[in-house]
1. If you go through segment 67-105, how many residues are surrounded by fewer than 17 Cβ atoms within 10 Å (Cβ to Cβ), touching a strand residue (DSSP E or B) at 6+ places or on another chain (Cβ under 6 Å) and either of a type in the set (Gly, Ala, Ser) or assigned to a loop (DSSP other than H, G, I, E, B) (or both)?
2. Under the condition of being within 23 Å of residue 128 (Cα to Cα) and in contact with a strand residue (DSSP E or B) (Cβ under 6 Å, 6 or more places away or on another chain), which residue from segment 185-195 is surrounded by the most Cβ atoms within 10 Å (Cβ to Cβ)?
3. Quick one: is residue 199 touching a residue at least 60 places away in the same chain (Cβ under 8 Å), assigned to a loop (DSSP other than H, G, I, E, B) and closer than 30 Å to residue 179 by Cβ?
4. State the number of residues belonging to segment 292-308 that are crowded, with 23+ Cβ neighbours inside 10 Å and over 24 Å from residue 167 (Cβ atoms).
5. Just name the residue that is farthest from the chain's Cα centre (by Cα) out of those in segment 242-272 that are among the hydrophobic types (A, V, I, L, M, F, W, C) and surrounded by 14 or more Cβ atoms within 10 Å (Cβ to Cβ).
6. Taking the residues in segment 90-108 that are of a type in the set (A, V, I, L, M) and in contact with an Asp or Glu (Cβ under 8 Å, 6 or more places away or on another chain) as candidates, determine which candidate is modelled with the lowest pLDDT.
7. Which condition number does residue 274 fail, the rest of (1) among the hydrophobic types (A, V, I, L, M, F, W, C); (2) touching a residue at least 40 places away in the same chain (Cβ under 8 Å); (3) under 21 Å from residue 202 (Cβ atoms) being met?
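The values are calculated or read from the model by the stated rules, or taken from the named source; none is laboratory data. For clarity, every value in this text was computed on a predicted model and none was experimentally measured. In this analysis, Cβ positions are derived from the backbone assuming ideal geometry, glycine residues included, and neighbour counts consider all displayed protein chains.
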Amino acid sequence: MKFKALLIGTFFALTSLLIGCSENAAEEILNDIISATGITIDQPTVELEEGQTVSLTASIEPAGVTGDVAWSTSDASVATVDNGTVTAVKAGTATIVASHGAFTASSAVTVTAAEPEVSEPDPSLPATLKGYEYFVVQMDQSSFESIEDRVAADLRPDEGTKFLYIWDGTFNNGTPQGNNFYNLDEGWISFVVGTVGWSGAGFFASSSYGEIDMTAIHANPENYAFHAAFKSTQENTSYTLMFADGTSEIKVVVGSVAQEGIAPYTDFARDGEWHSVEIPMQHLIDQGLNLSSPISNLNVLAVLAGGVTGTTLDMDAAFFYKKTK
């Protein structure tokens, strides 16, 4: 009976309190009485570039319950939060937490590096130097400097972390004559097949160089191509270009005759002048090249020129790049 009387007394006291309050005050009291059962965030995952912002909204459950929401971040060096507004600071991951009493909800924030500002190519440059996202395997320094702010990776040999290896002495040095592909008085790759009975050379990027991230090429191969320039006066020669991903190796023949049973993909005029050869990256992906993950410690490009002594290999301007439309 005492408990029943207590409840009745409390009820009448509460009723009297609400009657004596303003509408807003009464609403606040009722909200306090109704217990929250949880809290949610409208975006459980967020992806931002450095400097970008996004507004998150937290909702207390059940509907109609209001109250204060506290916001926090697991790593303010990656992303900050102010009353639900998230600001991306630097590349990384952070967890944004909204809390109301004992209830919490979170949003996983991934911040990626902002794309660097890239200048428009000089309109006077050759077409092959007007692209973007260059992965340069071989190129003279002057031409390289004209695209330097559009280079994704400089893979040219430096005898430190990147090398040009001639396999088993199969090539000898050639005797380059004239200007290079870009009509500059600078060098290019010039070899002559020796007497071993085969030939091969590889542009090797060691693990010390780090990972080479060509995943953007794999995601949109139709926008990219591999380019190299060749010149020769020898009619019946072919070159095999080899592309590796760490697991598989794709071969493409450039020339007039098949190599190792592989039919030529394309050829070029044998007039002693420089000629561009381009292989769409879509073709290499279709053949099995897998660049969906960064690669390292491999021959980014290898070149075979057969086993006939005296066969020349003159190659310049070898790179992967995103072509302008």
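1. Total meeting the criteria: 8.
2. Filtering segment 185-195 for residues that are within 23 Å of residue 128 (Cα to Cα) and in contact with a strand residue (DSSP E or B) (Cβ under 6 Å, 6 or more places away or on another chain), the one surrounded by the most Cβ atoms within 10 Å (Cβ to Cβ) comes out as 188.
3. On the way: touching a residue at least 60 places away in the same chain (Cβ under 8 Å): yes; assigned to a loop (DSSP other than H, G, I, E, B): yes; closer than 30 Å to residue 179 by Cβ: yes.
In short, yes.
4. Going through segment 292-308 one residue at a time, the tally reaches 0.
5. First, the residues of segment 242-272 that are among the hydrophobic types (A, V, I, L, M, F, W, C): 242-244, 250, 252-254, 257-258, 262-263, 268-269.
Retained after the next criterion (residues that are surrounded by 14 or more Cβ atoms within 10 Å (Cβ to Cβ)): 242-244, 250, 252-254, 268.
Details: 242: 22, 243: 18, 244: 17, 250: 21, 252: 25, 253: 28, 254: 29, 268: 32 Å.
Out of the qualifying residues, it is 268.
6. In the first step, residues of segment 90-108 are kept if they are of a type in the set (A, V, I, L, M); the result is 91, 94, 96-98, 102, 105, 108.
Remaining after also requiring in contact with an Asp or Glu (Cβ under 8 Å, 6 or more places away or on another chain): 91, 94.
Details: 91: 89, 94: 97.
My answer is 91.
7. It is condition (3) that residue 274 fails.
For every residue, the table says whether it meets (1) among the small types (Gly, Ala, Ser); (2) at pLDDT 95 or above; (3) buried (at least 19 other Cβ atoms within 10 Å of the Cβ); (4) touching a helix residue (DSSP H, G or I) at 6+ places or on another chain (Cβ under 8 Å).
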site: 160; (1), (2), (3), (4): yes, yes, no, no
site: 165; (1), (2), (3), (4): no, yes, no, no
site: 173; (1), (2), (3), (4): no, yes, no, no
site: 183; (1), (2), (3), (4): no, yes, no, no
site: 197; (1), (2), (3), (4): yes, yes, no, no
site: 232; (1), (2), (3), (4): yes, yes, yes, no
site: 235; (1), (2), (3), (4): no, no, no, no
site: 240; (1), (2), (3), (4): no, yes, yes, no
